[in-house]
1. Restricting to bridges with both residues inside region 4-133, how much of the DSSP beta-bridge set is antiparallel, in percent to the nearest 5?
2. To the nearest 10 degrees, how steeply does helix 35-55 sit against the main Cα axis of the chain, on a 0 to 90 scale?
3. Against the longest alpha carbon principal axis of the chain, how many degrees, from 0 to 90 and to the nearest 10, is the axis of helix 77-91 turned?
4. Starting from the Cα-Cα distance between Ile5 and Glu118, subtract it from 0.36 nm times their residue separation and give me the gain in nm to one decimal.
5. What is the magnitude of the charge dipole of the chain about its Cα centre, with +1 placed on the Cβ of each Lys and Arg, -1 on the Cβ of each Asp and Glu, and no other charges, expressed in debye to the nearest 20?
6. How large is the helix-only mean residue ellipticity at 222 nm for the chain, computed as the sum of -39500 (n - 2.57) over DSSP H runs with n ≥ 4, divided by its residue count, in deg cm²/dmol to the nearest 500?
7. Would you list the P(r) distribution for the chain, with all Cα-Cα distances sorted into 10 Å bins from 0 and each bin expressed as a whole %?
8. Relative to the longest principal axis of the C-alpha atoms of the chain, give the angle of the C-alpha long axis of helix 111-124, reported between 0 and 90° and rounded to the nearest 10°.
Amino acid sequence: MDNLIINPTISTPFVNFDLKTGIFKLSGVSRPEDVMDYYRPVMDWLEKLTINVMANKDGSSDLKKIVLIYKLDYFNTASSKFIHKITRELSNLREAGTELSVQWHYEEGDEQMREDGEYLSEAAGMEFEFLEESE
């Protein structure tokens, strides 16, 4: 299975899900015109990953740990649903022994972005690490 890399545009985020390092990063702006069309390949890739890892529940999967990094400047409501779905899909891998941690980066003073992350953390039933960054 290959890494998933989707280059950003003015309205879509950079996606870099690296299987070798276990670092899965979504960054930039997420307000695609057609959110379903944009996120479909991401969700398809994650479903294939889940199938592959779950087929190797005996511990033979190379993917022992995933760090999911959200470093979004802005996302719309439709995108938030897919951010939630991405998190939930990856949380399924914990059943196969894959460790998952989620980092939510936000700019210093951007309390709305932190609150959005807290909401998504609660909705996913997972603890996020919140990292405030200065410019």
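1. On the way: 8 of 28 bridges.
Among the beta bridges of region 4-133, antiparallel pairing accounts for roughly 30 percent.
2. Orientation of helix 35-55: about 30 degrees from the principal axis.
3. 30
4. Values: separation 113, 0.36 × 113 = 40.68 nm, distance 2.64 nm.
Extra length available between Ile5 and Glu118 comes to 38.0 nm.
5. Rounded to the nearest 20 debye, it is 700 debye.
6. Working: 3 runs with 50 residues, N = 135.
Computed ellipticity for the chain at 222 nm equals -12500 deg cm²/dmol.
7. With a bin width of 10 Å, the distribution comes to 12, 45, 34, 9, 0.
8. 30
No value in this document is a laboratory result; all are computed from the given coordinates. What you see is a predicted model, and the numbers here were worked out from it, not measured in a lab. Ideal geometry is used to build each Cβ from the backbone, glycine not excepted, and the neighbour counts take in all protein chains shown.
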